[in-house]
Amino acid sequence: MTDKNAINIYRNKALVNFEGKNFLGQIGVDSRIFQALNGGGISVGVISQQAIENGISVLVDEVDAEDAVKFLKKEFEKETKEGYVNNIYSIDSLSVIGFVSDNYNKILSELQRNKIFPLLLSQIASAGRVNIVVTENQTEITKNIIETEIYGKPKTVHLALIGHGNVGGTLVEQILDSAYDILKRKRVDLKIVAIANSKKIAFNQAGFGSDWRQKIKFSQTESSVEKLVEFAKEHHLENLVMVDNTASKDFVKHYPTFVENGFDVVGSNKIYNTLPISEYRDFRKLLEKNKKKYLYETNVGAGLPLIDTIKLLHLSGENITRIKGVFSGTLSYVFNNFSLRNDKYSVIIREAMDKGFTEPDPREDLSGNDVARKLLILARELDLINEFQDINIQNLVPENLLDIDKNEFISRLEELDSEYKNIKENQKPDHVLRYVGDLHGNLQEEKGELDVKLISVPANSALGQLKGSDSIFEIYTESYGENPIVIMGAGAGAKVTARGVFGDILRLSETK
Ligand SMILES: NC(=O)C1=CN([C@@H]2O[C@H](COP(=O)(O)OP(=O)(O)OC[C@H]3O[C@@H](n4cnc5c(N)ncnc54)[C@H](O)[C@@H]3O)[C@@H](O)[C@H]2O)C=CC1
Ligand SMILES: N[C@@H](CC=O)C(=O)O
């Protein structure tokens, strides 16, 4: 007795495709195909008129494919000469996968999301039985997806983690710590199958464990996006997610390649979202076309639930009129501490670096670029079409230190001390320094006004009372009037950021 729930796989099959116009709809063509092939001792699996445009597809064993093409060419010689038949050819190395499901549309959409487009699909609606034809190298991944849907088998999500510095390294540990719990509670099997830095990449189809640092340290493989894509294909990995925890301007150029090759994208890297608006929009179109997602909650406010909140408010029609606050964990820490303590500016900047708040190059924070990026990312969530050049940025890095090597800059931080001592001392009494971002103007127009600057505020004001590396975002909307929605909390740090990235991975995994 056959198990009704079994997934049957028949390998080494071929499709003989028969292309032609008008003629193919004519009565008797199917039976002529049948007879020509049966007469030659070839057994025919399925004949389908839907598989190719203007064509008929016939399923045969791969060993018979060449003969099948020969017999059909002979049978339809006259029609070929008359131009009714354009082409008869075979596609080899195929598998037929048969299964029973009352929700095969869901399976098909999962297959599509994983870039699997069956060459042929036949369904016996009353029995819920479906046969699909896929290429040999897509057989395993197709089977896995069908098993997940039919048997509720845990869904394996394959993660490629790019960048394992402060944020990326912490993320690997967090995933390894929680993977078993997530498997039990959510039936999602998170497997880290690739880890890369700027120089090297390491692969592990079975998923990395606690010795991952050793593996990447001793990997001999040069970091390469092509190799990563190739690895995913070669091992037929489904549910792929590429996680970008670099700050690289070059690496983001590869996002479209990932999406085109079946990866969803998660990133703490802010660069893609601040590229020229045409690229920003083209990427969204590409995601939609490929049914892929790009999540980046940590781009603004690290682990704070900011982007989602703003997206939802905007989507639900709430008119956001202004967003302002302290957007940088680093500059929050620097000015909160510098304003109150007697330590030098450079000492406090070094502390922020040691605590993992700063960008890989701290000038990205001190120049205001990082805050400007965050402001721009939020503006674009509101469908404003601002460009980075539109932002008025007060740069806190002196011009002579802007273009030097990063390490030299860090070694010369003391050169900033006297200027900031003066700024601090020249404030009104009971005032403190804060570096703020402000998105304002008429946000119903195409562009908003974006300002990023150092200000002095009363110590007892909301901004003045900020502590540690906390960020604060005040979101003003039409319904909430004068009282903004306030989101406040740790605005930087490896743990909170990695946790936010992890949240995006889980969000993606659940919708997969
Ligand atoms: N530190 C924080 O609190 C927050 C950081 N972020 C973002 O997280 C990202 C990472 O920051 P950190 O972990 O602090 O940086 P990091 O400097 O500690 O680590 C960066 C990693 O990226 C790798 N990398 C650089 N270029 C690469 C390339 N082209 N290909 C492959 N790998 C490459 C480096 O080898 C390194 O492993 C940045 O984009 C930052 O803006 C976002 C929110 C908060
Ligand atoms: N360097 C950034 C990190 C988070 O985006 C900051 O300090 O805010």
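The values are calculated or read from the model by the stated rules, or taken from the named source; none is laboratory data. These numbers were taken from a predicted model, which means no experiment stands behind them. Note that each Cβ is placed from the backbone with ideal geometry, even for glycine, and that neighbours are counted across all protein chains shown.
A few points about this structure:
- Residues satisfying the stated conditions in region 162-207, i.e. acidic (Asp, Glu) and within 16 Å of ligand 1 (Cβ to nearest atom): GLU173
- Strands (runs of 3 or more DSSP E) wholly inside region 117-164 that include at least 2 residues being farther than 24 Å from VAL225 by Cα: 120-124, 129-135
- VAL326, sole failed condition from (1) in contact with a helix residue (DSSP H, G or I) (Cβ under 6 Å, 6 or more places away or on another chain); (2) among the β-branched types (Val, Ile, Thr); (3) within 13 Å of ligand 1 (Cβ to nearest atom): (3)
A quick yes/no check of all residues on (1) charged (D, E, K, R); (2) within 32 Å of the chain's Cα centre (by Cα); (3) within 16 Å of ligand 2 (Cβ to nearest atom):
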{"residue": "ASP370", "(1), (2), (3)": "yes, yes, yes"}
{"residue": "LEU376", "(1), (2), (3)": "no, yes, yes"}
{"residue": "ILE404", "(1), (2), (3)": "no, no, no"}
{"residue": "GLU408", "(1), (2), (3)": "yes, no, no"}
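- For region 168-175, the condition holds for no residue, the condition being that it is over 30 Å from PRO360 (Cα atoms) and of a type in the set (D, E, K, R).
- Enumeration of residues in region 493-512 that are in contact with a strand residue (DSSP E or B) (Cβ under 7 Å, 6 or more places away or on another chain), within 13 Å of ligand 1 (Cβ to nearest atom) and either of a type in the set (Val, Ile, Thr) or assigned to a loop (DSSP other than H, G, I, E, B) (or both): VAL496, VAL501
- Condition met for THR321 (part of a helix (DSSP H, G or I) and either within 12 Å of ligand 2 (Cβ to nearest atom) or touching a residue at least 60 places away in the same chain (Cβ under 8 Å) (or both)): no
- Residues (in contact (Cβ under 8 Å) with a residue 12 or more places away in the chain, basic (Lys, Arg) and out of contact with any Lys or Arg (no Cβ under 9 Å at 6 or more places or on another chain)) located in region 157-199: LYS191, LYS199
Table: residues versus (1) in contact with a Lys or Arg (Cβ under 9 Å, 6 or more places away or on another chain); (2) at pLDDT below 85; (3) part of a helix (DSSP H, G or I); (4) not acidic (Asp, Glu).
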site: MET1; (1), (2), (3), (4): no, yes, no, yes
site: ARG11; (1), (2), (3), (4): no, no, no, yes
site: GLY41; (1), (2), (3), (4): no, no, no, yes
site: GLN50; (1), (2), (3), (4): no, yes, no, yes
site: LYS70; (1), (2), (3), (4): no, no, yes, yes
site: VAL96; (1), (2), (3), (4): yes, no, no, yes
site: ASP102; (1), (2), (3), (4): no, yes, no, no
site: GLN112; (1), (2), (3), (4): yes, no, yes, yes
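Each row is one residue, and each column tells you yes or no for (1) in contact with a His (Cβ under 6 Å, 6 or more places away or on another chain); (2) within 12 Å of ligand 2 (Cβ to nearest atom); (3) on the phi > 0 side of the Ramachandran plot.
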position: SER469; (1), (2), (3): no, yes, no
position: ALA490; (1), (2), (3): no, yes, no
position: GLY493; (1), (2), (3): no, yes, yes
position: ARG507; (1), (2), (3): no, no, no
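- Criterion: surrounded by fewer than 17 Cβ atoms within 10 Å (Cβ to Cβ), within 16 Å of ligand 1 (Cβ to nearest atom) and free of Cβ contacts under 8 Å to residues at least 40 places away in the same chain - qualifying residue of ASP365, ASP405: ASP405
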